[in-house]
1. Sort 328-339, 129-140 for me by packing, meaning the mean count of neighbouring Cβ atoms within 10 Å per residue, highest on top.
2. Would you list the membrane-span-like helices of the chain, meaning whole DSSP H runs whose alpha-carbon atoms span at least 18 Å along their axis and whose mean Kyte-Doolittle value is at least 0.5?
3. Does a label point 7 Å from the Cα of GLU270, set along Cα-to-beta-carbon, have any residues of the range 381-415 with amide nitrogen under 14 Å, and which are they?
4. Leaving ligands, DNA and RNA out of it, report the carbon-plus-sulfur percent of the accessible area of the range 330-373 at a 1.4 Å probe.
5. Excluding GLY375 itself, calculate the net charge of residues whose Cβ lies under 12 Å from the Cβ of GLY375, where each Lys or Arg counts +1 and each Asp or Glu counts -1.
6. Ordering TYR298, TYR394 by accessible area with a probe of 1.4 Å, largest first, what comes out?
7. Show that you can apply the helix-only estimate: for the chain, add -39,500 (n - 2.57) for every DSSP H stretch of four or more residues, divide by all residues, and state [θ] at 222 nm to the nearest 500.
8. What accessible area per residue, rounded to a whole number of Å², is obtained for the range 298-435 using a probe radius of 1.4 Å?
Amino acid sequence: MLARIKHLVHRASSHAGFRRYAANTSWMFAEQLLRMVAGLLVGIWVARYLGPTQFGVFSYSIAFAALFGSLAKLGLDSIMVRDLVRTPELSDVYLGTAFWLKIMGSVVMLAAMVLAVRFTSNDATTNLYIFIIGSGTLFQSFEVVDFYFQSKVLSKFVSMCKLTQLFISSLIKLYLIYIKAELFLFVLVSLIDQITLGVSLYFAYRLQNLNNFYQYFDIKIAKKLLKDSWPLILSGIIIAIYMRIDQIMIKEFLDVKEVGLYSAAARISEIWNIIPILICNSLFPSILNAKKVSLELYAARLQKLYSLLVWLAIIVALSMTYLSERVVVFLYGNAFSDASDVLMIHIWSGIFVGLATVKGKWQVSENLNHLYLYGAGISVTSNVILNYFLIPNYGIIGAAFAALMSQIISGYLINFFFKELRYQTTYIHRTLFFWRLFK
């Protein structure tokens with residue numbers, strides 16, 4: 001076995017395509033690793049400084065703004081990478097069109113938020129925080145640059161931009177803690193983060209001597225993008241509700257302190273969720289190209305991706321199950337000790353997040369985007385129902401169980417509802433055999 005693994009590693013490392021994808025993945029991993037470490041450490045200092053109650057207000061504001069974030073994204077992420085790979089000669093037109101669509105999506109998002117806050121019991125200060133954070137989506141329109149670099153397997157430039165933004169953001173937050181600043185300034189940093197990243201992405205793109213994409217807009221391409229992405233837009237809205245509704249419902253049923261405790265645990269757990277997205281984003285172009293070569297290679301790469309993500313998640317979940325209390329108290333302090341049970345449960349959802357992430361990429365490649373809508377609808381409905389019954393009776397522990405059960409439905413059980421997805425269970429079941437990762 002060891003000899004075969006060594007042979008496979010040697011053969012792969014001598015392949016130019018492998019080296020290219022490995023370098024791309026390495027940059028993304030390095031950036032995300034630093035982001036996770038810095039984000040966790042600085043986030044912990046911020047949480048410890050603010051305390052459970054103020055941290056709960058901060059987390060609630062972020063969650064509420066995120067509910068509407070999919071309106072600004074317009075479901076274009078995977079579709080743009082797909083189309084840029086297929087038609088690189090039209091990259092300027094695609095980027096410009098997507099950029100202006102995202103600007104329009106951000107305006108619609110802010111208008112929707114104006115209407116939504118009228119139906120909440122929030123005070124004026126909390127609503128102000130929500131709008132400050134939400135307005136940053138205007139600058140997220142520059143993430144079309146990220147799509148371009150993904151399609152070219154050149155994530156190095158995006159990683160450098162994100163590291164610049166991370167460095168500036170971390171310094172500002174640490175300074176605010178040092179001067180004992182009020183919560184308002186920490187909220188303002190969330191807006192500055194998005195502005196910094198948007199500007200740095202644009203300059204990275206221009207340094208490649210490429211055209212100003214914002215000069216372009218093609219109505220036919222816009223219609224095509226929206227036609228392809230409308231299921232992803234609707235499912236994105238549903239998924240945003242699915243991912244954030246727990247914190248909103250915790251505030252309504254309990255209070256903002258409980259939101260702070262739950263958010264502290266979920267933040268540790270969700271750090272792991274970045275890994276499947278990172279790996280899939282890096283390897284998605286490779287999987288698309290494999291389909292051009294043969295269906296066998298296409299299927300083999302999907303299988304290995306499933307296996308890799310599932311077993312990594314199992315290792316992390318088992319470790320955190322035994323260390324959750326020590327981890328929470330060490331990181332956040334005794335004031336957040338009640339969050340440890342939430343982390344112990346919530347961390348297991350990472351397995352099914354990985355499954356759902358791979359399945360999502362596969363659906364895009366097979367042009368099964370409409371299934372996003374149906375699947376997301378089932379998942380969010382189950383999540384809201386579970387939270388509705390579990391939070392009043394079991395508090396934030398109930399919310400953690402609701403999150404885990406909803407991820408099981410989304411990542412695995414949902415496949416049995418649609419015949420197009422049932423074959424995906426074959427890949428999932430094969431992940432139980434670790435040797436297939438090396439076959």
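The values are calculated or read from the model by the stated rules, or taken from the named source; none is laboratory data. The structure presented is a predicted model; accordingly, all values stated were derived computationally and were not measured. So basically every Cβ, Gly included, is an ideal-geometry build from the backbone, and we count neighbours across all protein chains shown. We work out accessible area using only protein heavy atoms, side chains counted, and drop any ligands, DNA or RNA first. Shrake-Rupley method; radii C 1.70, N 1.55, O 1.52, S 1.80 Å.
1. 129-140, 328-339
2. 16-67, 91-116, 155-178, 183-206, 219-253, 256-293, 295-332, 349-365, 370-411
3. What the label zone holds, given the 14 Å backbone N cut-off, is 400, 403-404.
4. That fraction is 58 percent.
5. Neighbour charge sum, excluding GLY375 itself: 0.
6. From most accessible down to least: TYR394, TYR298.
7. Estimated from H runs of four or more residues: -28500 deg cm²/dmol.
8. So the range 298-435 comes to 44 Å² accessible per residue, rounded to a whole number.
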